[in-house]
Amino acid sequence: MEMFQNHDLAFASRKTNEATGAHFYDKGSMALAQYGPYWRMLRRICTTELFTNNRINGTESLRSNGIDKLTRWLWEEAQKKGSVEVARFIALCTVNIIGNVTLTKDNIVDPELEEGTEFLASFGLATELSGKPNVADFFPFLRWFDPQNVLKNAKLAIAPPINFVSCFVKERLLERQKGQINARKDFLDVMLDFKGNQKNGETDAIMSERNISIVILELFMASTDTTTSTIEWAITELLRHPNIMKNVQMELDQVVGPNKNVKENDIGELPYLQAVVKETLRLHPPVPLLIPRKAVEDTEYMGYSIPKGTQIFVNIWAIGRDPDSWEEPLSFKPERFLSSGIDYKGQHFQYLPFGAGRRSCIGIMLAQRMLYLALGSLIHSFEWAFEDGVTPETIDMKEKFGTSLRKADPLNVVLKLKAENQDRKI
Ligand code: HEM
């Protein structure tokens, strides 16, 4: 509370390193931008143009189409192979939804095509390298030698996904030159319009074509692992707690009804489903240390002198399990959110899965729509079970900290169509 209420500005910058500097990624990125005019410009465009209620409402059908397709993929895989690794399909579905919202591109990835899997793998690797301890970050004179090849590997990893996105940007620029106008003004249009209206030299915050590609790539990176991890953990917790699973199913049956698809309009009437997502984010926050902040200036903080440039981690994983704030902190109990009024918008400091203050998650509105709709749709479509030999008592709950806090052992499940949903078209 002290940090976000009284020192948010002093700690509003980001710590970058050798790996994040590969191909000048950190110079185009919003999440890694130093606190200053470039970040302010991006944040303003995002708040006033991209992540507004109107624009998010206007893309509802893109999300529901993406999730219908996810349900079909899972069902086909279940029929083919018996058990299904859910996270792989959720990640592909998220990429497609973000591709549609940002670039008006359908089916950027497909489980049958290698390209999508490569796209996911290369940006996963790039973020992993950015978190890898690198001796050159601590001894700047070693930068030239890149002794662990971190920079070299980061360059190799980040170049393909930047090029992948920049092909779409170039294609759109060509269409615009030919006078073809995209009927639905998407994120890319908004950024290109902004670039077009920008007067050179007016500010040092320049929206270049390359930076547009990096910002769009970042929206893919920021949403894919976080959303996938949350849904994978939520399903795991529901399978470990059959009573809670039953409560979610009953709520969906009552509000949505059998043979019907969940719609975003239903979410307001599904408080228990919402509580399950919130409880999952408390115990399994995908970004457990937030994105490292940096002190903008020398700061006195709770009796300590924090020098300018200090890197700051906020351990929201520990805060979410603090027994001073949470009763039975290690138990999965969605009910705690039904009456408490605690939410994740950054005002309740015992619970910060999306961060707080100036650098909090900009995609929170889009994220919550995707999480509720995807989890609700998946639970409403199928009966879920662990694969053979795994039980609620033996399921491996180990965590792996890479791009985000993922389940170390990916969840494999067995799916059956719900009896009352046999007539529903999957
Ligand atoms: C479960 C879903 C998500 C979670 C848990 C999550 C969490 C976070 C967290 C913890 C931060 C850092 C906050 C801080 O340092 O105080 C962050 C930043 C950010 N997130 Fe998310 N996020 C999610 C989804 C998304 C989505 C869907 C998008 C966009 C499409 C997005 C875009 C961003 C961006 C651009 C930043 C950097 C903001 C800045 O530095 O100003 N996130 N997110």
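The values are calculated or read from the model by the stated rules, or taken from the named source; none is laboratory data. Keep in mind the model is a prediction, meaning the values are calculated, not measured. Virtual Cβ from ideal backbone geometry, glycine too; neighbours counted across all protein chains shown. Remember, those area values only see protein heavy atoms, side chains included, never the ligands or the DNA or RNA. Shrake-Rupley method; radii C 1.70, N 1.55, O 1.52, S 1.80 Å.
So which strands (runs of 3 or more DSSP E) are wholly in the stretch 380-426 and hold at least 1 residues that are within 17 Å of Glu237 (Cβ to Cβ) and either open to solvent by less than 50 Å² (accessible area, probe 1.4 Å) or at pLDDT below 85 (or both)? Please lay out each step first, then the result.
On the way: elements: 382-386, 399-401, 405-407, 412-417.
Here the list reads 382-386, 405-407, 412-417.
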- Single residue of the stretch 305-352 satisfying the filter (in contact (Cβ under 8 Å) with a residue 60 or more places away in the chain, within 16 Å of Met3 (Cβ to Cβ) and assigned to a loop (DSSP other than H, G, I, E, B)) that is most open to solvent (accessible area, probe 1.4 Å): Phe349
- Item | Selection from the stretch 270-294 of residues that are away from the ligand (no atom under 14 Å from the Cβ) and either of a type in the set (A, V, I, L, M, F, W, C) or at pLDDT below 95 (or both) | Leu270, Leu273, Ala275
- Select from the stretch 354-377 the residues that are open to solvent by less than 10 Å² (accessible area, probe 1.4 Å) and not in a helix (DSSP H, G or I) and write down the one among them that is farthest from the ligand (Cβ to nearest atom). Ala356
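Going by what's in this entry, would Ala408 be described as away from the ligand (no atom under 15 Å from the Cβ) and closer than 24 Å to Asn261 by Cβ?
On the way: away from the ligand (no atom under 15 Å from the Cβ): yes; closer than 24 Å to Asn261 by Cβ: no.
No, not satisfied.
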- Message: One residue is enough: does the stretch 226-238 have a residue meeting the conditions more than 14 Å from the chain's Cα centre (by Cα) and away from the ligand (no atom under 16 Å from the Cβ)?
- Response: yes
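Quick check on my filter: what residues within the stretch 49-98 are open to solvent by 70 Å² or more (accessible area, probe 1.4 Å) and either of a type in the set (Ser, Thr, Tyr) or part of a helix (DSSP H, G or I) (or both)?
Initially, the stretch 49-98 is screened for residues open to solvent by 70 Å² or more (accessible area, probe 1.4 Å), giving 49, 53-54, 57, 65, 72, 76, 79-81, 85, 88.
Within the stretch 49-98, Glu49, Asn53, Asn54, Asn57, Asn65, Arg72, Glu76, Gln79, Lys80, Lys81, Arg88 qualify.
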- From (1) closer than 21 Å to Phe24 by Cβ; (2) in a helix (DSSP H, G or I), pick out the condition that doesn't hold for Asp225. (1)
